[in-house]
Amino acid sequence: DSTVTPKKIEYYNVWCIFTKVTSNSPIRRKFKIFSETLLRLATVDIAFHVITDSDSKGIAENEIQGIMRMTGKLMKVQYYDVHKLASQLENIVSVMSPHFSSKPGTYYSDALFFLSLGLHRIAPMDQNLAVMFDVDTKLRRDIKELFQEFNHFGEKALFGLAPELTPVYRHVLYLYRSKNPKTIFGEPLYSGGYSGYNSGVILINLERLRNSLEYDQIVSQDSVDHLAEKFNFKGHLGDQDFYTILGMERPEFIYTLDCGWNRQLCTWWRDRGYTDVFSSYAQCDSETKLWHGNCNAPIPDD
Ligand code: UDP
Ligand code: MN
């Protein structure tokens with residue numbers, strides 16, 4: 001057969017949430033920095049999937065136009081309505097929010113809080129791999145390099161996340177740790193412990209998730225209730241609380257990314273009774289590939 005079939009473009013799927021934005025809110029500038037560094041440093045074709053509400057959508061369109069003009073590069077952009085997604089996520093939200101949300105019951109903000117755990121049900125079927133970012137981030141490397149991390153996933157890995165770089169899970173696991181004084185759960189990763197995960201950057205193997213009966217089981221009501229009780233876990237950080245528990249119970253489901261891929265800048269816990277231990281949690285010696293200005297921490301210029 002001598003017919004030449006043009007090679008189908010393999011898009012690199014990038015997801016983010018951009019909601020509750022007004023024209024002068026700080027998140028607008030954050031989104032601009034995130035999207036601009038994403039596109040400028042990329043050497044691959046990006047499909048950018050933005051979850052928005054109707055007011056925020058116009059602002060996103062505007063910024064993305066400007067960025068494409070500024071960089072002279074294009075990307076494919078798709079918008080998803082937050083209200084539609086919220087109804088597809090009802091299950092997951094009702095299971096997770098009693099344990100991992102500080103104010104259960106707030107309709108669509110809760111759905112967004114847990115969205116990454118159900119993205120495989122929302123993303124179009126032609127997407128097999130995806131990366132989801134917080135928009136308070138800034139890339140310093142080509143997105144292609146981050147996707148190469150999928151090649152290091154173990155056979156059973158579903159998600160890839162970088163470590164949480166604060167003592168928040170030392171705090172949340174206080175009771176479990178007092179009953180289990182030898183546990184590494186809640187200790188800094190840097191000294192061989194397990195500090196939990198941060199959800200500012202999430203690698204998601206959508207294809208494996210769609211086919212995983214084990215995943216469906218572990219996110220079921222009975223299972224999540226059981227795990228929360230087992231670890232005396234009452235969190236307030238949404239999906240990342242669940243990833244943290246998942247990493248304790250079934251570590252094979254999560255690939256641990258290098259801390260340089262999610263270099264968090266928030267120092268809130270340093271001044272909240274953890275002054276002496278904070279720096280051992282925040283320690284990350286690798287080169288910064290992505291800054292995460294969480295809790296509104298400013299991001300360095302370089
Ligand atoms: N977000 C949003 N609108 C908001 C607040 C948050 O779209 O009003 C999205 C945005 O993508 C943001 C993510 O939710 O990056 C998580 O919130 P944030 O980064 O502020 O949390 P932090 O990293 O400080 O815990
Ligand atoms: Mn963030």
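FYI, it's all coordinate maths here, none of it is from the lab. Note that the structure is a prediction, hence the values are computed from the model and not measured. Here the Cβ is made from the backbone with ideal geometry for all residues, glycine too, and neighbour counts use every protein chain on show.
Descriptive notes on the structure:
- Of 39, 227, the sequence from fewest to most neighbouring Cβ atoms within 10 angstrom is 227, 39.
- Comparing mean-square fluctuations of 250, 141, 272 from a GNM of the chain with C-alpha springs under 10 Å, the top value falls on 272.
- Taking the Cα centre of the chain as reference, the dipole from Cβ charges on Lys and Arg (+1) and Asp and Glu (-1) amounts to some 520 debye.
- Cys residues of the chain that find no other Cys beta carbon under 4.7 Å: 16.
- Each of 61, 10, 187 has some number of other Cβ atoms within 10 Å of its Cβ, and from fewest to most they run 10, 61, 187.
- In loop segments of the stretch 158-246 as defined by DSSP, the trypsin sites (Lys or Arg not before Pro) with at most 11 further C-beta atoms inside 10 Å of their C-beta are 182.
- With respect to the chain, whose longest principal axis is taken over its alpha-carbon atoms, helix 239-249 is tilted by about 60°.
- Positive-end extreme of charge dipole, the chain - chosen from 300, 5, 180 (charges on Cβ): 300
- By other beta-carbon atoms within 10 Å, ranking 83, 171, 99 with the fewest at the front produces 83, 171, 99.
- The stretch 191-302, relative contact order [Cα under 8 Å, separation at least 6], %: 26 percent
- Relative contact order of the chain, pairs being alpha-carbon contacts under 8 Å that are 6 or more residues apart, as %: 21 percent
- Under 5 Å between amide hydrogens, built in the peptide plane, is the criterion, and for residue 129 it picks out 206 among residues at least 5 positions away or on other chains.
- Residues of type lysines that residue 8 reaches as a straight line, Cα spacing below 24 Å, ignoring anything fewer than 8 places off in the same chain: 73, 76, 144
- Mean-position separation - Cα centroids, the stretch 182-196 and the stretch 53-98, in angstrom: 35 Å
- Neighbourhood charge, 14 Å Cβ-Cβ cut-off, centred on residue 52 and excluding it, Lys, Arg +1 and Asp, Glu -1: -1
- The length gained by stretching the chain between residue 40 and residue 79 to full extension, at 0.36 nm per residue less their Cα-Cα distance, is 12.0 nm.
- Percent antiparallel among DSSP beta bridges (both partners in the chain, rounded to 5): 35 percent
- The stretch 163-302: radius of gyration and largest Cα-Cα distance (Dmax), Å: 15.5, 47
- Average Cα contact separation per residue, the stretch 182-234, under 8 Å, 6 or more apart, as relative contact order %: 14 percent
- Expected 222 nm ellipticity per residue - DSSP helices of 4 or more, -39500 (n - 2.57), all of the chain, to 500: -11000 deg cm²/dmol
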